[in-house]
Amino acid sequence: MNLSNKETAKRRKRSPQINVSRVRTPPYIIDSSELQRFNQKNIIFRRVMWDSSWEGYQRKYDEKVKDLVTREVPGYSRVDFAMAYASWIVHDAFKGGFSWTRIETYKSQVGTVGIDWAKTKFQVQDPCEMSKQVKQAASLFGASLVGICKLKRDWVYANVEIPETLENVIVMAVKMDADGIATSPKVPAATSTGVGYSRMAATLACTGEFIRNLGYRAIQCGNDTALSIPLAIDAGLGELGRNGLLITPEYGSRVRICKVITDLPLAPDKPIEFGVKEFCKTCKSCSRHCEVDAISFDEEPSFKTVSKSNNPGALKWYVDPGKCYLFWCENGIDCSTCIKVCPYNKT
Ligand code: SF4
Ligand code: SF4
């Protein structure tokens, strides 16, 4: 931890009480006249490529790296960047992690002669029991948290079609290294993020393949295909924070989220509530520590969006991903400060 004693004491004082209740409906308020399926072209990384009306157009967030390394800025050394880039390699190189179909190399490795398990469906007698087994498997494959929900089509990206028969989602959260995140915005924090993405690829691949071996379909997704945060809330993994991220009782926002959409019969979990919205109203630690004021200071959440990259129709504190991205460009790498300083991020 790089926090001063004063800051550590302040965070302790503001520590939230966590009493988790299971609830019937997810803890968010939607204006269905405003809500639309989000168009992936408005994700900030896509807008970099096409939105010439925005100052981040065609800016790359590694554009300052050479300068930072040359100036020998602490926390931005050649070794730090070498490690951060290495942490992404499994995510970037292993396309099977995000496969919608059987991973090609599987057939050559299968040890059961004469049986193609994917061609016959395992008869699920009890969806609750099946859910337990899927959760055990996903945990074994690397998920820190697992929840199951029905697929709300509102959360699927506007340009993606998921067949109606695939109605269940296994949502998994992979925790990120606390000591690394504590260094944000320095480069080791980004290494923790990269490791999270690489672990996500492995966890997804194994979980998806397990389901295909039972004869069902599995669509493995990282940030693609559908909005991860509302699905994680639906699946009972946490609530939405002022920082625009999922807050889990176990790790705060210090998680990466991934999901498998499937037709395997499963029993959904109930969403949870533990007072995040009320706590966020007065905490504002993320707003104060964000170096570019990308996070709202408003007392109350609202329906007012602040960026083309926001999806309207939810009552929340809208974060400005454009300001955030521009900070990453100045910083030479991504930032996790709003995860680090959140009192729900137990270290
Ligand atoms: S990641 Fe960093 S720049 Fe972006 S909103 Fe969070 S604190 Fe602000
Ligand atoms: S740091 Fe932000 S997200 Fe976390 S509890 Fe405080 S206001 Fe909410």
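Each reported figure results from applying straightforward, stated rules to the coordinates on display, with no laboratory input. The structure presented is a predicted model; accordingly, all values stated were derived computationally and were not measured. FYI the Cβ positions are ideal-geometry reconstructions off the backbone, even for glycines, and counts take in every protein chain you see.
Some observations on this one:
- Only listed residue being farther than 30 Å from Lys66 by Cα, of a type in the set (Gly, Ala, Ser) and touching a Lys or Arg at 6+ places or on another chain (Cβ under 8 Å), chosen from Ser309, Ser296: Ser296
- Qualifying residue in the range 176-190 (condition: surrounded by fewer than 19 Cβ atoms within 10 Å (Cβ to Cβ) and within 28 Å of Tyr28 (Cβ to Cβ)): yes
- Number of the exception - Arg288 against (1) more than 16 Å from ligand 2 (Cβ to nearest atom); (2) basic (Lys, Arg); (3) part of a helix (DSSP H, G or I): (1)
- Test: Ser77 is among the polar types (S, T, N, Q) and within 23 Å of Met200 (Cβ to Cβ): no
- Flag if Ala138 is closer than 21 Å to Ile247 by Cβ, in a helix (DSSP H, G or I) and either of a type outside the set (S, T, N, Q) or in contact with an Asp or Glu (Cβ under 9 Å, 6 or more places away or on another chain) (or both): yes
- In this entry, Glu250 is excluded by the filter for residues that are of a type in the set (Asp, Glu) and either within 10 Å of ligand 2 (Cβ to nearest atom) or more than 28 Å from Trp328 (Cβ to Cβ) (or both).
- Test: residue in the range 295-307 that is touching a residue at least 12 places away in the same chain (Cβ under 8 Å), within 30 Å of Ile170 (Cβ to Cβ), away from ligand 1 (no atom under 14 Å from the Cβ) and of a type outside the set (Val, Ile, Thr): yes
- Given (1) over 28 Å from Val260 (Cβ atoms); (2) crowded, with 16+ Cβ neighbours inside 10 Å; (3) among the aromatic types (Phe, Trp, Tyr), index of the condition Trp50 fails: (2)
- Qualifying residue in the range 320-336 (condition: under 17 Å from Ile247 (Cβ atoms), touching a residue at least 60 places away in the same chain (Cβ under 8 Å) and buried (at least 20 other Cβ atoms within 10 Å of the Cβ)): yes
- Residue within the range 249-265 that is within 10 Å of ligand 1 (Cβ to nearest atom), of a type outside the set (Asp, Glu) and within 19 Å of the chain's Cα centre (by Cα) present: yes
- Close Cβ contacts (under 9 Å, 6 or more residues apart or on different chains) running from residues in the range 33-61 that are at positive phi to residues that are outside any loop (DSSP other than H, G, I, E, B) and among the hydrophobic types (A, V, I, L, M, F, W, C) comprise Gln58/Val48; Gln58/Met49.
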